[in-house]
Amino acid sequence: MLSALDSLERLREGNRRFVSGVRSLDAFMSQARRNDFVDGQAPFAVILGCSDSRVPVESVFDQGLGDLFVIRVAGNIVASSQIGSVEFAAERFGTRLVVVLGHTRCGAIQATLEELQRPTTRQSRNLRSIVNRIRPSVEGLLATELRHDRESLMRQAVRANVRVSASALRNGSEVLEQLTQNEGLRVVAAEYSLETGVVDFFEGAASGDELGEASR
Ligand SMILES: [Zn+2]
């Protein structure tokens, strides 16, 4: 099994290929090797991403069948089922890298900011449960001067929400805490740019950055 940092390098390389419009033969050919994966899998990274149609995880990292264990939910929020999914992959497959992948112009973040600025009663209870998960990570920003600058507010809100999700995975599970302390598990915060196609691993990705808390 790859170490967290080696896995991270593999994602970086894949994203560089995606940005330059090149596709790896391995990822492409993995479709023809579908039968190889019937009996098992060994994904090298777990990715918690947003459901947004413009951020298909396997594509932006140029990976194929069996490479990534992907959890997608609007706003890349963390609830019990997301934590359970990460625990499952980390324990069952020995995957050592977990990436929370937010993205610029995220509709779920936008909806949360709008709801905080102009509350409505129209949202369904289910949609509200997503907004309520995002709310604590962006609420504080609205108390600052950022509220006058839509673009900056959105940019910072997206990253704040990714940081909170990463922190919820690091601190919300005994299993993941143990694996982090003893087995080199690493939770990294990242943002995909719709504008450039580049993924910026902005927290927890440096080799000396054990839990990524230093850069907060
Ligand atoms: Zn989104």
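Each reported figure results from applying straightforward, stated rules to the coordinates on display, with no laboratory input. As the structure is a computational prediction, the values presented were derived from the model and not from experiment. Don't worry about glycine lacking a Cβ; one is built from the backbone with ideal geometry, like all the others, and counts go over all protein chains shown.
The residue list 116, 51, 75 was ranked by how far each Cα lies along the charge dipole of the chain toward its positive end, using unit charges on Cβ atoms, and 116 comes out on top. Our analysis of region 1-153 gives Rg over Rh at 1.04, with the two radii drawn from alpha carbon positions and Rh computed by the Kirkwood formula. At a threshold of 8 angstrom on Cα-Cα distance, excluding pairs fewer than six apart, so keeping six or more, what relative contact order does the chain reach in percent? Relative contact order of the chain: 23 percent.
The modelled label-to-label distance for the pair residue 85/residue 5, using points 7 Å beyond Cα in the direction of Cβ, is 2.9 nm. The angle separating the long axis of helix 80-93 from the principal Cα axis of greatest extent in the chain is about 20 degrees.
Summed over all non-identical Cα pairs, the Kirkwood treatment of region 79-132 gives a radius of 13.6 Å. DSSP assigns beta bridges within region 7-117; of those with both partners inside it, close to 0 percent run antiparallel.
Protection proxy ranking of 96-109, 38-51, 169-182, 122-135, by the mean of other Cβ atoms within 10 Å over each peptide's residues and highest first, is 96-109, 38-51, 169-182, 122-135.
Packing order of peptides 192-201, 81-90, highest average first: 81-90, 192-201 (average count of other Cβ atoms within 10 Å over each peptide's residues). For the chain, give me the percentage of DSSP beta bridges that are antiparallel, rounded to the nearest 5 percent. Around 20 percent antiparallel, to the nearest 5.
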